Amino acid sequence: MNVILLVDGYNIIGAWPELRELKNKNLALARDLLIEKMAEYQAYTGYRVIVVFDAHMVSGIGKKYNNYRVDIVYTRENETADERIEKLVMELKRIDTQIYVATSDFVEQSVTFGKGALRKSARELIIELDGAEKSIKKNVEKTQKKQPSTKIPLSSEIAEIFERWRRGDR
């Protein structure tokens, strides 16, 4: 089954404390950090991730691009992120596709959920991200422990010869 995660970008930024604080100082950096976190989520889960931003907060109305294997969409003029997400659900919904919408705003997305998308709250998403990061670190550590030693055992005679060469004694 294909799984797609649609993320209401500014809604999630406003719901995550670290990003909310950053947004007040540097909105572009908060957006970039969210995209980076969603890329990590995509890499861990294999889900297709689409982050939707309201274009009224930045230039680039109607712009779409891909970054870190995450699709980024800016809404068109007079279109909200909620409306764009509703349209994406209708465009992407198939029998073999499960769509999640990450938002902390249930009321605005009620139409979307009525069309079959499942809600993933901002809190659920951050918990999944933290779990993914811990799991990745654990797997990396486990893999590193399994690496064979690259040291080649030498006889004492050969080791002594190498040591003399290292010191310059011939």
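The values are calculated or read from the model by the stated rules, or taken from the named source; none is laboratory data. Predicted, not measured: the structure shown is a model, and the values here were computed from it. Here the Cβ is made from the backbone with ideal geometry for all residues, glycine too, and neighbour counts use every protein chain on show. The protein model used for the area step is the full one, side chains on, heavy atoms only, and it has no ligands, DNA or RNA in it. Shrake-Rupley method; radii C 1.70, N 1.55, O 1.52, S 1.80 Å.
Work out the length of the dipole vector of region 66-137 about its Cα centre, built from +1 on the beta-carbon of each Lys and Arg and -1 on the beta-carbon of each Asp and Glu, and round it to the nearest 20 debye. Intermediate values should be presented prior to the final figure.
On the way: 12 positive and 14 negative charges, 59 e Å.
The calculated dipole for region 66-137 is roughly 280 debye.
Kirkwood hydrodynamic radius, computed over distinct alpha-carbon pairs, for region 72-145: how many Å, to one decimal? Don't skip to the end; give the middle numbers.
Working: mean 1/r = 0.0694 Å⁻¹.
Final number for the Kirkwood radius of region 72-145 is 14.4 Å.
How do Trp16, Trp165 stack up against each other in accessible area, from largest to smallest, with a 1.4 angstrom probe? Intermediate values should be presented prior to the final figure.
Working: Trp16 10, Trp165 140 Å².
From most exposed to least exposed: Trp165, Trp16.
What number, in percent, do you get for the relative contact order of region 1-71 if the mean sequence gap of Cα pairs under 8 Å and at least 6 apart is divided by its residue count? Let's see the in-between values first.
On the way: 75 pairs, mean separation 27.1, N = 71.
Dividing the mean separation by the residue count of region 1-71 yields 38 percent.
Using 0.36 nm per residue of separation minus the Cα-Cα distance, give me the extension gain between Glu133 and Lys64 in nm, one decimal.
On the way: separation 69, 0.36 × 69 = 24.84 nm, distance 2.75 nm.
Once the chain is fully extended between Glu133 and Lys64, it gains 22.1 nm.
Over the chain, calculate the relative contact order: mean separation of alpha carbon pairs under 8 Å at least 6 apart, over the residue count, as a percent. Intermediate values should be presented prior to the final figure.
Numbers: 214 pairs, mean separation 39.3, N = 170.
Once divided by the residue count of the chain, the mean separation gives 23 percent.
May I ask for the angle, rounded to the nearest 10°, between helix 122-146 and the longest principal axis of the chain, with both axes built from Cα atoms and the value confined to 0 to 90°?
Helix 122-146 and the main axis of the chain meet at about 20 degrees.
For Lys134, list the lysines whose Cα falls under 26 Å from its own Cα; do not include residues on the same chain fewer than 8 positions away.
The qualifying lysines are Lys23, Lys37, Lys120, Lys142, Lys145, Lys146.
Taking N as the number of residues in region 75-118, what is its Cα Rg relative to 2.2 N^0.38 Å? Spell out each step's value before the answer.
Details: Rg = 10.3 Å, N = 44, 2.2 N^0.38 = 9.3 Å.
With N residues counted in region 75-118, Rg over 2.2 N^0.38 Å equals 1.12.
Before I look further, what does the chain give for accessible area per residue, probe 1.4 Å, in whole square angstrom? All intermediate terms of the calculation are to be shown ahead of the outcome.
Numbers: 10770 Å² over 170 residues.
Per-residue accessible area for the chain comes out at 63 Å².
What FRET efficiency comes out for His56 versus Ser121 if R0 is 22 angstrom and r is the Cβ-Cβ distance? Round to the nearest 0.05.
On the way: r = 24 Å, r/R0 = 1.11.
Approximately 0.35, to the nearest 0.05.
Starting from the 7 Å offset along Cα-to-Cβ, what nm value, one decimal, do you get for the label separation of Leu92 and Arg20?
2.6 nm
Just for the Cα atoms in the chain, what are the lengths along the principal axes, largest first, rounded to whole Å?
Dimensions of the chain along the principal axes of its Cα atoms: 82, 39, 26 Å.
On a 0 to 90° scale, report how tilted helix 81-92 is relative to the longest principal axis of the chain, with both axes built from alpha carbons and the result rounded to the nearest 10.
80 degrees
Using a 7 Å offset from Cα along Cα-Cβ at Phe162, what residues in region 113-155 end up with backbone N under 15 Å from the label point?
149-155
Among Ile95, Ile152, Ile13, whose mean-square fluctuation peaks in a Gaussian network model of the chain (Cα, cutoff 10 Å)?
Ile152
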